[in-house]
């Protein structure tokens with residue numbers, strides 16, 4: 001009888017599975033990947049679990065980036081921390097500063113016999129979550145960088161090409177797009193795109209103390225003529241109808257591009273996957289523009305997104321399991337899968353080469369822009385930044401930029417306020433580390 | 001009247017213990033922790049903590065934004081409390097005189113009360129959406145370039161409208177119940193003495209409603225100060241930028257989002273003190289003017 005066969009098979013499989021289960025090491029991974037990204041995370045975890053029988057990884061969605069970090073901190077204080085925690089770029093200083101909270105990923109891998117060479121990672125990714133000496137502390141996971149998307153038909157209609165420089169945007173592209181009936185441009189994240197990566201793209205120092213990577217007190221260098229000129233220009237573009245500002249929300253600025261009201265949109269290379277589904281028109285992407293008056297040799301941008309951190313206080317078996325998962329995660333195959341499904345860049349050279357060899361970029365050239373921009377020639381100030389209480393510093397930026405664009409504050413006053421408040425926060429953070 | 005007295009005086013205290021324990025664990029302990037934490041600068045992970053005296057308080061109060069957030073909170077509270085009370089009172093007066101279909105009408109008005117603040121915030125997002133929001137379109141048709149999330153005062157308007165809308169039903173229920181407890185004899189006597197409707201309302205009915213109104217005033221002030229959090233969070237989509245926030249929301253931003261435990265503890269202690277002062281003022285000065293029957 002069918003039922004008996006089924007029951008026997010079930011009993012047998014339980015008997016076989018049981019001893020294996022007894023030795024299995026369970027680890028948990030708290031992440032902030034919702035929606036489609038969360039599904040891909042679950043697929044990666046399921047693939048890892050299916051690929052071997054010694055370890056079982058359980059991914060848990062803990063809300064957005066800030067919520068995940070706060071949940072992780074609360075759990076750590078209660079001794080209930082997960083094995084792996086995803087922490088976003090702006091929270092990096094918080095978790096890396098708390099030296100006893102994490103096991104540096106480079107140590108973890110080496111101690112557990114997983115080969116590690118930081119040169120395997122693409123250059124824009126290598127240093128962001130590393131310490132001053134270049135030792136990798138967090139494992140880059142979802143890595144993206146700001147790039148410029150554009151509506152192909154809109155640019156054709158206006159008879160222009162995507163601008164390489166802001167000068168070109170100002171004098172040629174934007175007026176042409178405006179007369180063609182479009183709002184020429186919008187952007188989704190001023191602290192990330194127009195501040196952090198502005199400094200990186202133009203190879204300008206963002207903070208003292210090696211952009212904050214060194215030990216000791218860090219001061220922000222935001223009160224800088226180049227960026228002030230950029231925001232003064234942006235304000236005048238908005239006033240002249242050459243730029244659209246829809247508030248601080250990411251989606252509020254992306255939506256007009258999807259509705260084809262805005263012709264060009266500065267977003268994340270990680271937006272590619274979602275945009276492919278939501279935009280029913282042909283779009284492409286190119287590098288973030290730069291000011292020719294500031295530099296004639298624009299440099300790479302650095303990654304945004306988040307990294308995975310191995311939490312301390314775990315057993316040797318759990319650490320081994322985490323190391324093995326990182327080995328699986330950084331394999332070219334997994335990275336290529338992640339890259340294709342989400343649009344985040346592959347973090348290793350091997351995965352990038354695999355995607356090239358597979359002809360992926362021949363079909364979707366826009367998907368390569370992010371990684372190409374990350375691997376542009378770098379400079380002294382292009383590896384990233386490390387600043388504490390940075391979430392609040394970003395909030396201050398957003399607030400002051402909003403006032404500046406609304407005309408409530410002059411450019412000089414807004415930047416002076418950001419500088420003053422950010423330095424106050426940095427000094428406070430330094431004292432928490434004392 | 002004979003006083004009920006327990007024979008053993010310990011017994012009533014035993015009965016009180018569960019209640020006192022709950023208050024101690026869930027109210028006094030956290031409050032004590034907040035007061036203690038407000039004097040320290042602490043690493044979020046709890047590795048090091050430095051005693052900094054009053055620095056958290058001075059940093060908070062001297063921050064360029066704190067005073068304007070405090071001012072906005074006061075204005076917001078006053079406007080929300082006023083409009084939710086006034087509109088609810090108006091609706092209650094009208095509902096009181098409805099004869100046909102009164103129950104249906106009242107039920108419909110009360111429905112909104114069952115909506116959770118974040119859901120109310122979501123309605124707000126839909127109503128005030130920059131592209132498809134009906135309110136945005138209406139505003140634009142009268143020449144008001146309404147932009148939620150971009151313009152400070154437009155965002156404030158949206159916050160007030162959603163907060164008031166959410167609070168009207170509970171005020172309405174209390175006002176209606178209060179009015180229906182005004183004795184018929186009083187109403188009839190007033191009708192003979194004073195034929196003017198509004199004047200009768202302000203001289204007779206409203207004074208009798210004063211205890212209800214006073215109670216509701218307190219409820220509404222605490223609502224606007226604290227319970228509007230969900231509405232604000234959803235309307236700002238978690239990224240306040242240059243939009244107005246209340247003091248409570250700022251505690252969340254600095255403490256929960258920014259992991260600045262010392263600073264946000266100091267802010268919550270300031271809030272505790274404010275609420276304490278508010279309560280004392282209300283009960284010592286305003287309650288004297290209220291006439292309880």
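The values are calculated or read from the model by the stated rules, or taken from the named source; none is laboratory data. Treat the numbers as computed from the prediction; the structure is a model and nothing was measured. All Cβ positions, even for glycine, are placed from backbone atoms using ideal geometry, and neighbour counts span all protein chains on display.
In table form, for the structure just shown:
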read-out	value
Helices (runs of 4 or more DSSP H) enclosed by the stretch A:342-421 - at least 2 residues per element that are more than 10 Å from chain B (Cβ to nearest Cβ)	A:349-357, A:360-363, A:369-374
Criterion violated by residue B:50 - all others in (1) surrounded by 12 or more Cβ atoms within 10 Å (Cβ to Cβ); (2) out of contact with any strand residue (DSSP E or B) (no Cβ under 6 Å at 6 or more places or on another chain); (3) at negative phi satisfied	(2)
Of residues in the stretch B:7-41 being within 14 Å of another protein chain (Cβ to nearest Cβ) and more than 25 Å from residue A:390 (Cβ to Cβ), the one farthest from the chain's Cα centre (by Cα)	B:33
Condition met for residue B:49 (within 14 Å of chain A (Cβ to nearest Cβ) and either modelled with pLDDT of 90 or more or in contact with a helix residue (DSSP H, G or I) (Cβ under 9 Å, 6 or more places away or on another chain) (or both))	yes
Verdict on residue B:93 being modelled with pLDDT under 95 and within 14 Å of another protein chain (Cβ to nearest Cβ)	no
Answer from B:131, B:163 - the residue that is free of Cβ contacts under 8 Å to residues at least 60 places away in the same chain and under 30 Å from residue A:401 (Cβ atoms)	B:131
Any hit, the stretch A:284-302, residues being assigned by TED's automatic domain parsing to the domain that holds residue A:393, modelled with pLDDT under 90, under 24 Å from the mean Cα position of the chain (by Cα) and surrounded by fewer than 17 Cβ atoms within 10 Å (Cβ to Cβ)	no
Top-ranked residue of the stretch A:425-434 - restricted to ones that are out of contact with any strand residue (DSSP E or B) (no Cβ under 6 Å at 6 or more places or on another chain) and at the interface with chain B (Cβ under 7 Å from one of its Cβ atoms), ranked as nearest to residue B:61 (Cα to Cα)	A:428
Criterion violated by residue B:44 - all others in (1) under 22 Å from residue A:393 (Cα atoms); (2) within 14 Å of chain A (Cβ to nearest Cβ); (3) part of a helix (DSSP H, G or I) satisfied	(3)
Residues satisfying the stated conditions in the stretch A:224-265, i.e. more than 14 Å from every other protein chain (Cβ to nearest Cβ), surrounded by fewer than 23 Cβ atoms within 10 Å (Cβ to Cβ) and either in contact with a strand residue (DSSP E or B) (Cβ under 7 Å, 6 or more places away or on another chain) or farther than 21 Å from residue A:165 by Cβ (or both)	A:242
Residue A:338 being more than 24 Å from residue A:29 (Cβ to Cβ), crowded, with 20+ Cβ neighbours inside 10 Å, touching a helix residue (DSSP H, G or I) at 6+ places or on another chain (Cβ under 7 Å) and not assigned by TED's automatic domain parsing to the domain that holds residue A:206	no
Qualifying residue in the stretch A:427-434 (condition: surrounded by 24 or more Cβ atoms within 10 Å (Cβ to Cβ) and more than 20 Å from the chain's Cα centre (by Cα))	yes
Complete set of residues in the stretch A:267-278 that are over 14 Å from the mean Cα position of the chain (by Cα) and either within 23 Å of residue A:164 (Cβ to Cβ) or surrounded by 20 or more Cβ atoms within 10 Å (Cβ to Cβ) (or both)	A:275
Wholly within the stretch B:199-273, helices (runs of 4 or more DSSP H) carrying at least 1 residues that are surrounded by fewer than 21 Cβ atoms within 10 Å (Cβ to Cβ), out of contact with any strand residue (DSSP E or B) (no Cβ under 7 Å at 6 or more places or on another chain) and within 14 Å of chain A (Cβ to nearest Cβ)	B:229-235, B:247-252
Inter-residue pairs, beta-carbon under 7 Å, first without any contact (Cβ under 8 Å) to a residue 24 or more places away in the chain and in the stretch B:102-121, second loosely packed, with under 14 Cβ neighbours inside 10 Å, 6+ apart	B:105/B:98
Pair list, Cβ under 7 Å, 6 or more apart: the stretch B:174-191 residue on the phi < 0 side of the Ramachandran plot, other residue loosely packed, with under 10 Cβ neighbours inside 10 Å and outside any loop (DSSP other than H, G, I, E, B)	none
Any hit, the stretch A:207-221, residues being surrounded by 23 or more Cβ atoms within 10 Å (Cβ to Cβ), assigned by TED's automatic domain parsing to the domain that holds residue A:269 and not in a loop (DSSP other than H, G, I, E, B)	yes
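Residue-by-condition table, conditions (1) surrounded by 24 or more Cβ atoms within 10 Å (Cβ to Cβ); (2) touching a strand residue (DSSP E or B) at 6+ places or on another chain (Cβ under 7 Å); (3) more than 30 Å from residue A:274 (Cα to Cα):
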| position | (1), (2), (3) |
| --- | --- |
| A:68 | yes, yes, no |
| A:75 | no, no, yes |
| A:106 | no, yes, yes |
| A:110 | no, no, yes |
| A:125 | yes, yes, no |
| A:130 | yes, yes, no |
| A:143 | yes, yes, no |
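Per-residue answers, yes or no, for (1) farther than 27 Å from residue A:191 by Cα; (2) within 14 Å of another protein chain (Cβ to nearest Cβ):
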residue: A:72; (1), (2): no, yes
residue: A:83; (1), (2): yes, no
residue: A:92; (1), (2): no, yes
residue: A:96; (1), (2): no, yes
residue: A:117; (1), (2): yes, no
residue: A:123; (1), (2): no, no
